[in-house]
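Working notes for the structure below.
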Amino acid sequence: MSSIEQQRVILITGANKGIGFAVVKKLVQQPSINSNDIILLGSRDLKRGQDALKELGSPSNVHVLQLDTSSKESIARATNEIKQKYGGYLDVIINNAGITPKDKTVQAARETFATNYYGIKILNEHLIPLLRENGRVVNVSSRVGALTLHGISKDLQEKYTSSTLTTEQLDQLVEDFISAVDSDTIEAAGYTKEMPFLPYGVSKAALNALTRIEARQWSSAKKIFVYAVCPGYCSTDMSKHAPDSRPPELGADSILYVVNTDYNKLENGAFYRDGVQLPQIYTNDAEAREAIKRMKKLDS
Ligand code: NAP
């Protein structure tokens, strides 16, 4: 085996700040990690990525990869760069980049899905084929997705959680939702206006469903594992560093749990937070009401 084959290559998208940056920091500091491992610090803005690298002390095994996950061209360019510069394979893909626009327009909803759902779907289509045996994909999701499914019609709940759901059907659910935002027919479409950050929540519910589809599809093709992870409510720009949020390092631990735990102890396609498997739909009504109340304050 040549030396290049012994190196693990780990990609984290949206890693110039927040939880993604904390993941890179932990990987650099992890004594168990082979210093030969290559860590690709994804950043849509090259300068912000380079600044993050400097903040880490410019370790020689961390490289900035310019990658805007909402752009097919950028994903294709980054895929070529991985092939040309880093041996053409990956061992871990952490799809961390995400947005939560405050704006309630259809344009904002489209942007949300372009990064939080379609971006991850397209990136995985390009990069999962580069994963080696035992490779892992972590789709960084949110419990808000499970909370959002709690408040939708039974018919939609069944569709999102169906064990036979296909990517085409899931895309259709997403497109129907975006059309409903556009025509202001959210309620008629089976969603509730009561739910704060609705496009964000639907994008994360769709990501959880996508994770199960990808796990099904890829595990039959080769031995790779796909998980969705909620990092928990963390103090980042996204949460506006809310006083009741936890350090982003804990969010990073939640993500790294499914990277480092023996796959026999995890369920392929499942949704985890802090090492505990979560349901796809919130099950506790009182807990859901409390969570919505807290989120409404942030969305006002
Ligand atoms: P953050 O501090 O706002 O960081 C988000 C990162 O994603 C930034 O690096 C941002 O880059 C990047 N990004 C956004 N759109 C991108 C795109 N199209 N292409 C590439 N990079 C893009 O947010 P965070 O709190 O760390 O969130 C990280 C992930 O955790 C997200 O998926 C989020 O939904 C999830 N999450 C967060 C919380 C929380 O409480 N913070 C809770 C649950 C789930 P720029 O710097 O260029 O904007």
Checklist line | Ranked list, fewest to most other Cβ atoms within 10 Å of each Cβ, for TYR227, TYR118 | finding: TYR118, TYR227
Next item on the list: Quick one: which residues, 5+ away or cross-chain, put their amide H under 5 Å from the amide H of VAL62? H built at 1.01 Å from N.
Entry: ILE39
Next item on the list: Report the one residue of CYS234, SER141, TYR118 whose Cα lies farthest in the direction of the positive end of the charge dipole of the stretch 3-299 (charges on C-beta: Lys and Arg +1, Asp and Glu -1; origin at the Cα centre).
Entry: CYS234
Notebook entry, point to check: Considering only DSSP beta bridges whose two residues both sit in the chain, what percent are antiparallel, to the nearest 5?
Noted result: 10
Notebook entry, point to check: In what sequence do SER153, SER43 fall when counting other Cβ within 10 Å, fewest first?
Noted result: SER153, SER43
Checklist line | Set of aspartates and glutamates with alpha-carbon distance to LYS223 below 19 Å, sequence-local pairs under 8 removed | finding: GLU5, ASP91, GLU125, GLU133, GLU214, ASP262, GLU267
Next item on the list: Considering Cα pairs under 8 angstrom that are at least six residues apart, work out the relative contact order of the stretch 3-299 and quote it in whole percent.
Entry: 19
Next item on the list: Mind scanning LYS154/LYS193; LYS121/LYS193; LYS72/LYS240; LYS154/LYS293; LYS17/LYS85 and naming the pairs with a C-alpha gap bigger than 19 Å?
Entry: LYS121/LYS193; LYS72/LYS240; LYS154/LYS293; LYS17/LYS85
Next item on the list: Step through the residues of the stretch 233-240 one at a time and calculate ³J(HN,Hα) from phi using the Karplus curve (6.51 cos²θ - 1.76 cosθ + 1.60, θ = phi - 60°), rounding each to whole Hz and writing x for Gly and Pro.
Entry: 6, 10, 7, 9, 4, 4, 8, 6
Next item on the list: First select every other residue whose beta carbon is under 13 angstrom from the beta carbon of VAL226; then total the charges, Lys and Arg +1, Asp and Glu -1.
Entry: +3
Checklist line | Projected-area mean, the chain, by convex hull of Cα positions, square nanometres | finding: 15.2
Next item on the list: Neighbouring Cβ atoms within 10 Å as the yardstick, rank LEU131, LEU278 fewest first.
Entry: LEU278, LEU131
Item checked: the stretch 218-284 and the stretch 152-194: distance between their alpha carbon centers, rounded to Å -> 24
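All of the numbers you see were taken from the coordinates with simple rules; none came from a lab. No experiment lies behind these values; they were computed from the predicted model shown. In this analysis, Cβ positions are derived from the backbone assuming ideal geometry, glycine residues included, and neighbour counts consider all displayed protein chains.
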